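Worksheet: one structure, shown below.
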Amino acid sequence: MAQAFTEPLLLAALAAREHAHAPFSKFKVGAALQETEGRIHTGCNVENATYGLTICAERVAVFKAVSEGARRFLRIAVAADTESLTPPCGACRQILWEFCGNLEIVLVNPHGRKEVLRLEELFPRPFDVSYL
Ligand code: THU
């Protein structure tokens, strides 16, 4: 199949998806998080035999980025092979809000489908540090 996208961020999310460790669900997800300065940090879901210790692609990308000193983010691309594009789960929405604020979220699949959202649309009334 011809490559569906040319944007580096979307290609990075699709490529990261290929590294998913998903022997239990077989549901592979990739994420690519872009800093305001341009650097891209990728992640894939990493499952565990206990199930509960599984971590999603989005959180892997955020934690990798934060651990490398990144703090200001522009957008994240999330790739899964679903016709109805896969959004970040509730736990990932909380983590994305904490570290990235109301960032742009680009959902894609390997067949060229794409949708652009803002985190605020998926997570309208977040709990955060402003309540503490
Ligand atoms: N998963 C993600 O990595 N990101 C999402 O946005 C949705 C779900 C993973 C977790 C688990 O490994 C598999 O997909 C099925 O839930």
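What follows draws every value from the coordinates through simple rules; no lab data is involved. Not measured: the values here are computed from a predicted model. With ideal geometry, Cβ positions are generated from the backbone for all residues, glycine too; neighbour counts draw on all protein chains shown.
Summarising the label geometry, the points placed 7 Å from Cα in the beta-carbon direction at residue 83 and residue 121 lie 2.1 nm from one another. Packing, as the average of other Cβ atoms within 10 Å across residues, places the peptides 105-111, 33-39, 78-84 in the order 105-111, 78-84, 33-39, highest first.
Applied to region 74-89, the Karplus parametrisation 6.51 cos²θ - 1.76 cosθ + 1.60 on θ = phi - 60° returns per-residue 3J(HN,Hα) values of 9, 7, 10, 10, 10, 10, 8, 8, 10, 6, 7, 4, 7, x, x, 6 Hz, with x for Gly and Pro.
Working note: Karplus 6.51/-1.76/1.60 with θ = phi - 60° gives region 56-67 the couplings 6, 4, 5, 5, 4, 5, 5, 5, 4, 5, 4, 5 Hz, where Gly and Pro are set to x. Which of the three applies to region 8-125, rounded, prolate or oblate, going by the alpha-carbon gyration tensor with a ≥ b ≥ c and a/c under 1.5 meaning rounded? Because its axes are fairly even, with a/c under 1.5, region 8-125 counts as rounded.
With a Förster radius of 30 Å applied to the beta-carbon distance between residue 26 and residue 98, the computed FRET efficiency rounds to 0.50.
Label reach from residue 111 (point 7 Å along Cα→C-beta): in region 1-26, amide nitrogens under 19 Å belong to 1-6, 11, 14-15, 17-18, 26.
Computed from backbone phi with θ = phi - 60° and the Karplus coefficients 6.51, -1.76 and 1.60, the 3J(HN,Hα) list for region 36-42 is 4, 7, x, 4, 10, 10, 10 Hz; x is used for glycine and proline.
Taken about its Cα centre, region 8-125 carries a charge dipole of about 60 debye when Lys and Arg each add +1 at the Cβ and Asp and Glu each add -1 at the Cβ.
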